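Following: one structure in structure tokens, then a few remarks.
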Amino acid sequence: MTIRTFRALCCVAAMSAPVLHAAADVAVQFIHPEHYADAGDYGVRSQRNLESIKRHLQALGDRCLPAGHTLDIRIIDLDLAGRHEWWRPGTYDVRIMRGVTWPRADLEYLWKDAQGKVLAERQERVSDMDYLSRSAFVRSDGDPLVYDKAMLTEWFERRFCPQHRG
């Protein structure tokens, strides 16, 4: 195979490859997380929880938002599902889920289309007081934030996924 043939084949392959569309851009900002009601244990674990939630929201954006849209989410407060009950022996790293420890997030968002037109701008309190009744439908694969992510997924899909908007 000559260089000329190789270049021609590369050009044909490049032109026949599927065009990749620009994905939606989801920016997640945590406002004063040190003041959150409960983002998990302080320090490294709390930071890991916030990063996990950020990646989850960005993945939802990749799945739901049209290409070129931007969504800026600012999380003002966060209260994860369950509580650490420090007085119980052997439960240092376990969150105890009770009906009164539902997940909650106070947030605001700005959603723009590809031309920069504002589609929605709101401040909301997202919560799932009934989170324990859904536990049979939530799959965690060991994710400690399964209830929190389920709550955020339901909120995100209702707001931003065309197939879920009414």
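The values are calculated or read from the model by the stated rules, or taken from the named source; none is laboratory data. These numbers were taken from a predicted model, which means no experiment stands behind them. Counting neighbours? That spans all protein chains shown, and the Cβs are built from the backbone with ideal geometry, glycine included.
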Across the stretch 94-108, which residue is nearest to Gly142 (Cα to Cα) among those that are among the hydrophobic types (A, V, I, L, M, F, W, C) and surrounded by fewer than 19 Cβ atoms within 10 Å (Cβ to Cβ)? Val94
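For every residue, the table says whether it meets (1) modelled with pLDDT of 90 or more; (2) under 24 Å from Met129 (Cα atoms).
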| residue | (1), (2) |
| --- | --- |
| Gly43 | no, no |
| Lys54 | yes, yes |
| Pro66 | yes, no |
| Ile75 | yes, yes |
| Leu78 | yes, yes |
| Trp86 | no, yes |
| Tyr92 | no, no |
